[in-house]
Structure formats: C-alpha cells, structure tokens
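Participant: This structure is in structure tokens; I'll ask about it shortly.
The values are calculated or read from the model by the stated rules, or taken from the named source; none is laboratory data. Small disclaimer: the values here were computed from a predicted structure and weren't measured. Neighbour counts are summed over all protein chains in view; Cβ atoms, including those assigned to glycine, are modelled from backbone coordinates with ideal geometry.
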Amino acid sequence: MTTAKRDTYTPETLLSVAVRVFNERGYDGTSMEHLSKAAGISKSSIYHHVSGKEELLRRAVSRALDGLFGILDEEHAREGSAAERLEHVVRRMVEVLLAELPYVTLLLRVRGNTGTERWALERRREFDHRVAALMKAAAAEGDVRGDVEPRLATRLVFGMINSIVEWYRPDGRGAGAREVADAVARLVFGGLRGDRTA
C-alpha cells in the first residue's frame with residue numbers, strides 16, 4: 001500500500017480513505033488507529049482535518065444524502081405527471097448510487113448507534129416519504145397499479161435499488177451506470193404499470 005504524504009493529504013482524500021475503512025470494518029469496528037494506518041498519516045494529522053471519526057461519518061453520509069435529495073430538486077423530478085417524475089427519480093437514484101457508491105454503501109449500513117447515524121436515518125426516512133408520496137400520486141393518477149400500497153411499493157423499489165451496492169463493481173467489465181439505471185427502470189415500471197386495478 002502506498003503511504004500518503006502528509007503535506008499532500010486533503011480532507012477529501014482523508015474522507016475517501018475513511019469511507020473505505022468504515023465499509024470494510026464497520027463504523028463501530030473502526031478506530032482512529034485504523035484510520036491513521038490506512039491513510040498513512042498520524043492520528044494527530046487526522047485531527048488537524050477533523051474533530052474525530054464521527055465528523056468523517058457525518059461528512060460521508062451527508063455527501064450521499066445531498067446527492068439523493070438533489071434529485072428531488074431537478075427539473076424532471078418537479079415537472080410532468082407523477083409517474084414521469086417518479087421514473088426520473090428512480091433512474092437518478094441508481095445513477096447517484098453508482099456515482100457515489102462507497103458513500104451510499106456507508107449510508108445504507110448505518111444503524112443508529114450515534115447521533116450522526118440517527119440523523120442520517122431520519123434524513124433517509126424523509127427521502128423515502130417524499131418518494132412514497134410521488135408513488136401515491138402516480139397511483140391516484142392511474143399511471144401505476146393501485147393494488148399495492150404505495151409505501152410498500154416504494155420500499156420494494158428501494159430494496160431493488162439499494163441491493164446494487166452489494167454486487168456492483170465499477171471495474172469496466174460489467175454494466176455501466178446508464179445500463180443499470182435502464183434495467184431497473186424497465187423492471188420497476190414494467191411491474192408498476194402491469195396491472196392497474198385498484
């Protein structure tokens with residue numbers, strides 16, 4: 001492993017290392033000693049950049065959450081029919097997950113053991129509720145099936161999308177982000193539009 005030079009280390013590169021270690025060892029199983037060894041810098045050098053590992057966690061999950069909430073502010077998520085907006089959100093969720101894979105992976109693994117984790121879980125619930133409201137609106141407009149409760153349908157869609165973190169590896173040999181987003185959208189909306197009985 002190449003040791004980073006102290007004078008070239010930045011908060012961003014430190015965050016990248018921390019996210020990798022958190023994902024490998026679990027947040028609770030990671031010490032500042034683990035982070036300093038992985039980064040190749042002293043613990044005091046880490047404290048020069050951040051107050052501790054919880055600040056690194058907050059920065060990491062904030063990056064993932066900012067990406068997800070940013071989707072809801074995009075033009076295609078705000079204009080058009082509810083079904084069109086929902087499809088845009090679903091596609092973009094996949095794209096954000098793949099673009100920010102280590103950060104979203106970490107977000108999906110927080111369990112609520114710290115103040116930062118509880119904050120992240122509450123933000124995730126807020127995002128889930130907003131997407132569920134879009135699902136409900138699409139069902140009310142008759143564009144998606146109405147025989148599955150919208151919150152349940154939303155959870156199932158999120159389950160499909162979130163499972164991507166377990167198998168996707170951006171090695172250049174598998175499917176690209178667009179291909180994965182297209183496949184998810186086809187599967188989700190093929191099912192959601194299949195039988196629209198109320």
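Participant: Could you check the range 12-47 and list, in sequence order, the residues that are loosely packed, with under 13 Cβ neighbours inside 10 Å, of a type outside the set (Ser, Thr, Tyr) and assigned to a helix (DSSP H, G or I)?
Facilitator: Glu12, Glu24, Glu33 - these are the residues of the range 12-47 that are loosely packed, with under 13 Cβ neighbours inside 10 Å, of a type outside the set (Ser, Thr, Tyr) and assigned to a helix (DSSP H, G or I).
Participant: Looking at (1) more than 21 Å from Ser16 (Cβ to Cβ); (2) crowded, with 18+ Cβ neighbours inside 10 Å, find the lone condition where Glu126 falls short.
Facilitator: (2)
Participant: Pick out the one residue from Ala177, Ala120 that is among the small types (Gly, Ala, Ser), modelled with pLDDT of 95 or more and closer than 18 Å to Ala64 by Cβ.
Facilitator: Criteria check complete, one pass: Ala120.
Participant: Continuing with the same structure: Could you run through the range 149-171 and say how many residues are surrounded by fewer than 17 Cβ atoms within 10 Å (Cβ to Cβ), farther than 22 Å from Leu106 by Cβ and either under 21 Å from the mean Cα position of the chain (by Cα) or touching a residue at least 12 places away in the same chain (Cβ under 8 Å) (or both)? Give the derivation first.
Facilitator: Filtering the range 149-171 down to residues surrounded by fewer than 17 Cβ atoms within 10 Å (Cβ to Cβ) leaves 149, 151-152, 155-156, 159-160, 162-163, 166-167, 169-171.
Narrowing the set further to residues that are farther than 22 Å from Leu106 by Cβ leaves 149, 151-152, 156.
Now restrict to residues that are either under 21 Å from the mean Cα position of the chain (by Cα) or touching a residue at least 12 places away in the same chain (Cβ under 8 Å) (or both): 151-152, 156.
Going through the range 149-171 one residue at a time, the tally reaches 3.
Participant: Out of curiosity, is Leu106 surrounded by 18 or more Cβ atoms within 10 Å (Cβ to Cβ), under 24 Å from Gly190 (Cβ atoms) and touching a helix residue (DSSP H, G or I) at 6+ places or on another chain (Cβ under 9 Å)?
Facilitator: No: the conditions fail for Leu106.
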